Amino acid sequence: MQNEDYAVEVHDLTVAYGTKPVLWDIDLSIPAGRLAAVIGPNGAGKTTLIKAMVGLIKPLSGGVDFSDKEIKNGRLRNKVAYVPQSGSVDWDFPATVLDVVMMGRYGHLGWFKRPGSLDKAMALETLDSVGMREFASRQISQLSGGQQQRVFLARALIQQADIYLMDEPFKGVDAQTEKSIVLLLKQLKEQGKTVIVVHHDLQTVADYFDWVILINLRIVANGLVGDVFNEENLGIAYGNRGLLTKEVT
Amino acid sequence: MESLSALLSDYTFQTVALGSALLGVISGVLGSFAVLRKQSLLGDGVSHAALPGVVMAFLLTGSKNTEVLLLGALLTGLAATFLITRIVRNSRIRFDSALALVMSVFFGLGLVLLTYSQKVPNANQAGLKRFIYGQASTMLQRDVVLMAICGAVLLVITILFWKEFKLFSFDIEYAETIGFGTGKLNLLLSFLIVLAIIIGLETVGVVLMSAMLIAPAVAARQWSNRLWLMVLLAAIFGAASGVTGTLISSAVAGVPTGPVIVVCITAITVFSLLFAPGRGILHRIYTRMKSRARLASEGGSGL
């Protein structure tokens, strides 16, 4: 394990909101090229972990390292793409689907420079890959939950990052869309990207992912799905909800 | 007709109308961002917080020049914005509560200072009260020049940072993750909004300024689904109500300009809320009734 190439390394990470700790002394490494699930019960700190990784939350102690030093020193934050929960923004903003996807290019453009026809072509192509091309000129307030999710996904894809951090990309998505998103994630993995996904459905972990991070305030397990995704670890992470875990493993 | 053309060629009217139009454009553009960021009330907070600045500037310098007084207003307006942001960030108090707190403290201080200034042995202070309700009719050419310069600076910066402001207003966290310093952007945009509010104080006053900031943006949003169109329409609505308001108050004796401008923009907003296609209330009622009729014709029950 030691000689594997790590994409992200979290060390001694402790985060607290007010007096309440949300993450406690988290240490974990995720190898490059993995498709990893972050799982744990509600309030376990999954979203907080992702937000700390993209630098949105200032930890009480510890921090996050990327093997790519350019990212680490903050010059190339754009190489880490963040897909927030779709509920985190107001979709009644006056913009079209294309407008929002183009925002994924802003990091490359830098300050002041406007997106051009090349960026627009890229945005349309990316929309095609998430099956949303026909919605390009639609007002974003008229999208369903699953469509919003795919727009956010497209915005991250067009960023052409090395590491993708996604907060529940399957939330509010129908079975068909979920399948196509999983396919996209697997394609990213095949391209050598590292993908880390907050996930809720224990049933699908083994099908979708090859790496799993189990947390509940502390780190419970971090490793290959085959090695650590077992009843014992789930029992620790989810407490005494034995029924649920039995069903899965 | 003759009196109208006489009015239109009147120098004072032209000055006031131009100033009010400029105010409408500025507050329409910056107000759009304030509304989209859910900070509509910031206008109310900042304008009230500007009062102690105006009075302090007068007490310290003895001058009643608009530039001097508005500089004072700008300083306390920024101080209030800074305080509100700090309170929200460092405590569990929410934006609306922090705003109410800061706004009333600053406005109270302003009233105290105003009362005090009237006891100062200097007969010069009579004009300060105009900042509470605004007094467009006393606008001078140099005031309009000042507004035009500030407005030009505001518009140029907005165009320059267009992409950044758009991203920042829609999804602040994402903006941060792709490397745009949102702390700096917040500071810049807040500064622009505060400046826009201060510019309007002389015309519509502390109490009514927040309407000038919010109403054009709300009306414009009804007619547009694109940010650039919303901002453009807000500017047009703001300018139109500025000119119309000045026209009405000049034609009808004893009607104050600032409040009439606010009434005009409110009328535009109410019209937009009711009649805009798609988002308007009437259009929604119409589609609802149409769906019901269709349901009934297809034999649906439950009506």
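Listing for the model above:
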| item | result |
| --- | --- |
| Filter pass, B:L109 being touching a helix residue (DSSP H, G or I) at 6+ places or on another chain (Cβ under 9 Å), without any contact (Cβ under 8 Å) to a residue 60 or more places away in the chain, over 22 Å from B:A196 (Cα atoms) and not charged (D, E, K, R) | yes |
| Subset tally (residues that are within 14 Å of chain B (Cβ to nearest Cβ) and of a type in the set (D, E)) for the range A:149-175 | 2 |
| Scan of the range A:97-109 for residues that are more than 8 Å from every other protein chain (Cβ to nearest Cβ) and more than 21 Å from A:Q142 (Cβ to Cβ), ordered by number | A:R105, A:H108 |
| Sole exception among (1) small (G, A, S); (2) in contact with a helix residue (DSSP H, G or I) (Cβ under 6 Å, 6 or more places away or on another chain); (3) within 14 Å of another protein chain (Cβ to nearest Cβ) for A:G146, by number | (3) |
| Unique residue being facing chain B (nearest Cβ under 9 Å) and either more than 15 Å from B:L167 (Cα to Cα) or modelled with pLDDT of 95 or more (or both) when the list is A:F135, A:F112, A:F66, A:F93 | A:F93 |
| Every residue from the range A:136-155 that is surrounded by fewer than 16 Cβ atoms within 10 Å (Cβ to Cβ) and in contact with a Leu (Cβ under 8 Å, 6 or more places away or on another chain) | A:S137 |
| Hits in the range B:166-221 (condition: under 9 Å from the mean Cα position of the chain (by Cα) and either over 22 Å from B:S20 (Cα atoms) or among the hydroxyl-bearing types (S, T, Y) (or both)) | B:S210 |
| Members of the range B:244-260 that are in contact (Cβ under 8 Å) with a residue 60 or more places away in the chain and more than 16 Å from the chain's Cα centre (by Cα) | B:T246, B:L247, B:S249, B:S250, B:A251, B:P256 |
| Residue within the range B:7-26 that is more than 26 Å from B:S117 (Cβ to Cβ) and not in a helix (DSSP H, G or I) present | yes |
| Residue within the range B:188-205 that is aliphatic (A, V, I, L, M), without any contact (Cβ under 8 Å) to a residue 40 or more places away in the chain and at negative phi present | yes |
| Qualifying residue in the range B:264-277 (condition: in contact with a Phe, Trp or Tyr (Cβ under 7 Å, 6 or more places away or on another chain), surrounded by fewer than 14 Cβ atoms within 10 Å (Cβ to Cβ) and farther than 22 Å from B:D143 by Cα) | no |
| Failed item, numbered, when B:K129 is tested on (1) without any contact (Cβ under 8 Å) to a residue 24 or more places away in the chain; (2) touching a helix residue (DSSP H, G or I) at 6+ places or on another chain (Cβ under 9 Å); (3) surrounded by fewer than 17 Cβ atoms within 10 Å (Cβ to Cβ); (4) over 18 Å from B:G200 (Cβ atoms) | (4) |
| Complete set of residues in the range A:13-51 that are charged (D, E, K, R) and more than 18 Å from A:G223 (Cα to Cα) | A:K20, A:K51 |
| The range A:17-63: number of residues that are within 14 Å of chain B (Cβ to nearest Cβ) and among the charged types (D, E, K, R) | 3 |
| Residues being of a type in the set (A, V, I, L, M, F, W, C) and part of a loop (DSSP other than H, G, I, E, B) - total across the range B:243-293 | 4 |
| Number of positions in the range B:51-78 that are out of contact with any helix residue (DSSP H, G or I) (no Cβ under 7 Å at 6 or more places or on another chain) and assigned to a helix (DSSP H, G or I) | 1 |
| Close pairs from the range A:108-123: first under 23 Å from A:R150 (Cβ atoms), partner of a type in the set (V, I, T), Cβ under 8 Å, at least 6 apart | A:M122/A:I158; A:A123/A:V101; A:A123/A:I158 |
| Top-ranked residue in the range B:132-150 [being buried (at least 19 other Cβ atoms within 10 Å of the Cβ) and of a type outside the set (A, V, I, L, M, F, W, C); ranked as modelled with the lowest pLDDT] | B:G134 |
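The values are calculated or read from the model by the stated rules, or taken from the named source; none is laboratory data. Predicted model, so just to flag it, every value in this text is computed and none were measured. All Cβ positions, even for glycine, are placed from backbone atoms using ideal geometry, and neighbour counts span all protein chains on display.
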